[in-house]
Amino acid sequence: MSEIQKDFRDIFAAVRARIEAVNNALIAAGQLPAGIDQSRVLVEPPRDAGHGDLATNAAMVLAKDARRKPRELAEAIAERLRADAWVQAVEVAGPGFINLTLEPQVWREALRAVMVAGRKFGRPDNAQARKVNVEYVSANPTGPMHVGHCRGAVFGDALANLLDFAGFAVTREYYINDAGAQVDVLARSAFLRYREALGEAIGPIPEGLYPGDYLKPVGEALAREFGRSLLAQPEEEWLPVVRARAIDMMMAAIRGDLAALNVRHAVFFSERSLTAGDGASDGVAAAITWLRERDLVYEGRLPQPKGAPADDWEDREQTLFRSTAFGDDIDRPLKKSDGSYTYFAADIAYHKTKLDRGYHDLIDVWGADHGGYVKRMQAAVSALSGGTASLDVKLVQLVKLLRAGQPVKMSKRAGEFVTLREVVDEVGRDAVRFMMLFRKNDAALDFDLAKVIEQSRDNPVFYVQYGHARAHSVFRNAADVIPDLPPTDEARARFLAAVPLDRLTDDGEIALMRQIAQFPRLIEAAAAAHEPHRIAFYLYDLASAFHAQWTRGSKDSPYLRFIIQDDREITLARLALVEGIATVLSLGLGLLGVGAPIEMR
């Protein structure tokens, strides 16, 4: 691909480079100071499409350092931009914003760049493959995955896909919470089911144990493996055996549930491996010692908080981490009154292992109920890394499950909640994944089991997938007019990349080309913000515009149809437009982990 063609692969970056060249010319002419910082100069779509194709804040952010009025500087920049071959019109608006309208040929060449790049469209050429660790799901291995876990799983997986596409070296990690009281409760619950499998009448499940039927297979497996031998052992002997077997079986079930969503982690990290459990070395003690050697841990007392008492406040001498030195509200305890470690201490040790493994870009996906835990964990990562690592915690809000507007509360399998697998089995993986991403992660989500399988515009996943299928129906129907159109995606893209595009002059066609050209910028921005929902929103808007153009041709303006029987040239040009739409819809759906069907049944 030539350098000129590369310019058209990311119009926003190319226009920003042209604005930077204009600013450099102004520096050479003495109208801007040498060395002025241009890093804050942005090129974005204007809020109002009527103001042009692109807008830049160049004059607004440079004016102060240039000691010039923003609008005056904007006029100087605009005057030079008017001479640019890409620019059709320039307007200075308000206090100094610059709105640009590009020549239609720019958008046509941007469309051609999609077909030349193919599956690489939107992927940066010069990515440095920075290592990033994305930890998500990390549910306690005490039961099946539920709908709340589902949202975090989909969000984390889509974010990992997005970062990988944007050029990062991504590790997908699951933290197994297999230490602490909850897994001992799991073991006792499984032991009860073991007794049941041996023929005992166990009666109602005692308070404090897990009541779901999902533990019956665990009890049956224990009975097959051990017969009645465990019954003769005291709890301190059978509990570690049962706990290990139960955790293994729960994790196998969790992996299966996640696989139903096409979610697969590369690393499963055991909390127990840090806490001297089952003969492991005490990684938590080692982390505390590491911090103490740097005067970041001390023995002291915490003042009583004002108002309601804090959960981790005790009026006693205790081991504390200097969390306030790194932006937290109070210093945090690392040991409980009985000498055992706090959850925070174990989490410090765990995140230290991430840093020790060479990760300095860390992303954790947590449930919304962990919001109060964010500051202390970010403080710990800052302390452990000497300020060189970043921890971005993405909080995932609750999912309200509905069916035709009515709440769905109970599970056939778990008894207390609806499982992830039940939802996937009912509506399918694609509907679950897309709709879990069709809201920002920190916004509450209503998931209606009836609506997500409707075949209507009101169902976003159907509407986007239908857009991709409709594009392929155009290719199939074009065979009579373009008998030499290659049948495979890659060959068809190469074929259409060479056709003339000058006949694409309709406002709707140009608007579609502009939307397609936004994809590389969207990838960059969504990856930087760690917000995969932006992809879902964009795909819905692109599919909607495509369907609208289809409707114009089929109902109002027959000359706008994508296939014109007696005009090979315009048909080829419009097939190229459809190819660009299909490519971007397929790429975007792939990033979300959603299928891109070529037919809808």
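This table checks each residue for (1) more than 19 Å from residue 135 (Cα to Cα); (2) polar (S, T, N, Q).
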site: 224; (1), (2): yes, no
site: 229; (1), (2): yes, yes
site: 235; (1), (2): yes, no
site: 243; (1), (2): yes, no
site: 246; (1), (2): yes, no
site: 257; (1), (2): no, no
site: 263; (1), (2): no, no
site: 266; (1), (2): no, no
site: 269; (1), (2): no, no
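To keep it simple, each residue is scored yes or no on (1) over 26 Å from residue 162 (Cβ atoms); (2) modelled with pLDDT of 95 or more.
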position	(1), (2)
297	yes, yes
316	yes, no
321	yes, yes
330	yes, no
345	yes, yes
360	no, no
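Yes/no per residue for (1) among the basic types (Lys, Arg); (2) at pLDDT 95 or above; (3) in contact with a Ser or Thr (Cβ under 8 Å, 6 or more places away or on another chain):
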position	(1), (2), (3)
380	no, yes, yes
384	no, yes, no
413	yes, no, yes
431	no, yes, no
440	yes, yes, no
461	no, yes, no
465	no, yes, no
477	no, yes, no
494	yes, yes, no
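Spot the failing condition for residue 205; the list is (1) touching a Pro at 6+ places or on another chain (Cβ under 6 Å); (2) closer than 30 Å to residue 352 by Cα, and only one is missed.
Failed condition: (2).
Just give me the residues in region 468-488 being touching a residue at least 40 places away in the same chain (Cβ under 8 Å) and under 34 Å from the mean Cα position of the chain (by Cα), in sequence order. Spell out how you get there, then give the answer.
Keep residues of region 468-488 that are touching a residue at least 40 places away in the same chain (Cβ under 8 Å), which gives 468-475, 477-478, 480-482, 485.
The answer is 468, 469, 470, 471, 472, 473, 474, 475.
For region 90-121, which positions are part of a helix (DSSP H, G or I) and of a type in the set (Asp, Glu)?
Taking region 90-121 and keeping what is part of a helix (DSSP H, G or I), we get 104-120.
Selection gives 109 alone.
Which numbered condition trips up residue 250, out of (1) surrounded by fewer than 18 Cβ atoms within 10 Å (Cβ to Cβ); (2) in contact with a Ser or Thr (Cβ under 8 Å, 6 or more places away or on another chain)?
Failed condition: (1).
Pick from 280, 266, 286: which is small (Gly, Ala, Ser), in contact with a Ser or Thr (Cβ under 8 Å, 6 or more places away or on another chain), farther than 25 Å from residue 186 by Cβ and loosely packed, with under 14 Cβ neighbours inside 10 Å? Let's see the steps before the verdict.
On the way: 280 fails: farther than 25 Å from residue 186 by Cβ; 286 fails: in contact with a Ser or Thr (Cβ under 8 Å, 6 or more places away or on another chain).
Only one candidate passes the filter, namely 266.
When you go through (1) out of contact with any Phe, Trp or Tyr (no Cβ under 6 Å at 6 or more places or on another chain); (2) surrounded by 19 or more Cβ atoms within 10 Å (Cβ to Cβ); (3) in contact (Cβ under 8 Å) with a residue 40 or more places away in the chain one by one for residue 442, which number turns out not to apply?
Looking at each condition in turn, residue 442 falls short on (2).
Out of the residues in region 82-100 that are modelled with pLDDT of 95 or more and surrounded by fewer than 15 Cβ atoms within 10 Å (Cβ to Cβ), which is farthest from residue 512 (Cα to Cα)?
By that ranking, first place goes to 83.
Please work out which residue is farthest from residue 238 (Cα to Cα), limiting yourself to region 141-188 and to residues that are assigned to a strand (DSSP E or B) and in contact (Cβ under 8 Å) with a residue 40 or more places away in the chain. Spell out how you get there, then give the answer.
Filtering region 141-188 for residues assigned to a strand (DSSP E or B) gives 146, 169-176.
So of that shortlist, the ones also in contact (Cβ under 8 Å) with a residue 40 or more places away in the chain come out as 146, 169, 171-176.
Values: 146: 29, 169: 43, 171: 36, 172: 34, 173: 31, 174: 27, 175: 25, 176: 22 Å.
Looking at residues that are assigned to a strand (DSSP E or B) and in contact (Cβ under 8 Å) with a residue 40 or more places away in the chain, I get 169.
Please go through region 326-374 and pick out each residue that is in a helix (DSSP H, G or I) and of a type in the set (Val, Ile, Thr). Working first, answer last.
Step one: list which residues in region 326-374 are in a helix (DSSP H, G or I), which gives 326, 343-356, 368-374.
Residues satisfying the conditions are 348, 353, 374.
When you go through (1) among the hydrophobic types (A, V, I, L, M, F, W, C); (2) part of a helix (DSSP H, G or I); (3) without any contact (Cβ under 8 Å) to a residue 12 or more places away in the chain one by one for residue 83, which number turns out not to apply?
For residue 83, the exception is condition (2).
Here is a list of conditions, (1) aromatic (Phe, Trp, Tyr); (2) under 18 Å from residue 179 (Cα atoms); (3) modelled with pLDDT of 95 or more, and residue 341 meets all of them except one; can you say which number that is?
Result: residue 341 passes all but (3).
Being in contact with a strand residue (DSSP E or B) (Cβ under 6 Å, 6 or more places away or on another chain) and modelled with pLDDT of 95 or more is the filter here, so list the residues in region 368-378 that pass it. Reasoning before the result, please.
At the first step, the residues of region 368-378 found to be in contact with a strand residue (DSSP E or B) (Cβ under 6 Å, 6 or more places away or on another chain) are 368, 371, 374, 376, 378.
If the condition is that a residue be in contact with a strand residue (DSSP E or B) (Cβ under 6 Å, 6 or more places away or on another chain) and modelled with pLDDT of 95 or more, then 374, 376, 378 are the ones that fit.
Determine which member of the set 407, 460 is in contact with a helix residue (DSSP H, G or I) (Cβ under 8 Å, 6 or more places away or on another chain), over 24 Å from residue 329 (Cβ atoms) and either outside the structural domain of residue 527 (by TED's automatic domain parsing) or crowded, with 19+ Cβ neighbours inside 10 Å (or both). Steps first, please.
Numbers: 407 fails: in contact with a helix residue (DSSP H, G or I) (Cβ under 8 Å, 6 or more places away or on another chain).
One residue alone meets the criteria, 460.
Within region 118-151, how many residues are farther than 30 Å from residue 367 by Cα, touching a helix residue (DSSP H, G or I) at 6+ places or on another chain (Cβ under 6 Å) and of a type in the set (Gly, Ala, Ser)?
Final tally of qualifying residues: 2.
Does region 556-572 contain at least one residue that is closer than 25 Å to residue 161 by Cα, at pLDDT 95 or above and acidic (Asp, Glu)? So that I can check it myself, show each step before the final result.
Let us first name the residues in region 556-572 that are closer than 25 Å to residue 161 by Cα, namely none.
Within region 556-572 (the criterion being closer than 25 Å to residue 161 by Cα, at pLDDT 95 or above and acidic (Asp, Glu)), the answer is no, since none of the residues qualifies.
Provide a single number: the residues in region 529-540 that are in contact (Cβ under 8 Å) with a residue 40 or more places away in the chain and assigned to a helix (DSSP H, G or I).
The initial filter retains those residues of region 529-540 that are in contact (Cβ under 8 Å) with a residue 40 or more places away in the chain, namely 530-533, 535-540.
Retained after the next criterion (residues that are assigned to a helix (DSSP H, G or I)): 533, 535-540.
The qualifying residues number 7.
Restricting attention to region 122-158, which residues are within 18 Å of residue 420 (Cβ to Cβ), of a type in the set (A, V, I, L, M, F, W, C) and touching a His at 6+ places or on another chain (Cβ under 9 Å)? Give the steps one after another, and end with the answer.
First, the residues of region 122-158 that are within 18 Å of residue 420 (Cβ to Cβ): 136-158.
Next, only the ones that are of a type in the set (A, V, I, L, M, F, W, C) stay: 137, 139, 145, 147, 150, 153-155, 158.
137, 139, 155, 158 - these are the residues of region 122-158 that are within 18 Å of residue 420 (Cβ to Cβ), of a type in the set (A, V, I, L, M, F, W, C) and touching a His at 6+ places or on another chain (Cβ under 9 Å).
State yes or no: is residue 194 of a type in the set (Ser, Thr, Tyr), closer than 30 Å to residue 361 by Cα and touching a helix residue (DSSP H, G or I) at 6+ places or on another chain (Cβ under 7 Å)? Quick ask: steps written out before the conclusion?
Values: of a type in the set (Ser, Thr, Tyr): yes; closer than 30 Å to residue 361 by Cα: no; touching a helix residue (DSSP H, G or I) at 6+ places or on another chain (Cβ under 7 Å): yes.
No, not satisfied.
Taking the condition touching a residue at least 60 places away in the same chain (Cβ under 8 Å) and either over 42 Å from the mean Cα position of the chain (by Cα) or surrounded by 13 or more Cβ atoms within 10 Å (Cβ to Cβ) (or both), does residue 218 pass? Please lay out each step first, then the result.
Details: touching a residue at least 60 places away in the same chain (Cβ under 8 Å): no; either over 42 Å from the mean Cα position of the chain (by Cα) or surrounded by 13 or more Cβ atoms within 10 Å (Cβ to Cβ) (or both): yes.
No; evaluated as a whole, the condition is false for this residue.
Does residue 359 satisfy being among the aromatic types (Phe, Trp, Tyr) and loosely packed, with under 15 Cβ neighbours inside 10 Å? Working first, answer last.
Numbers: among the aromatic types (Phe, Trp, Tyr): yes; loosely packed, with under 15 Cβ neighbours inside 10 Å: no.
Criteria not met by residue 359.
The values are calculated or read from the model by the stated rules, or taken from the named source; none is laboratory data. Computed from a prediction, not measured in an experiment: that's the story for all the values here. No Cβ is skipped: glycine too gets one built from the backbone with ideal geometry, and neighbour counts run over all protein chains shown.
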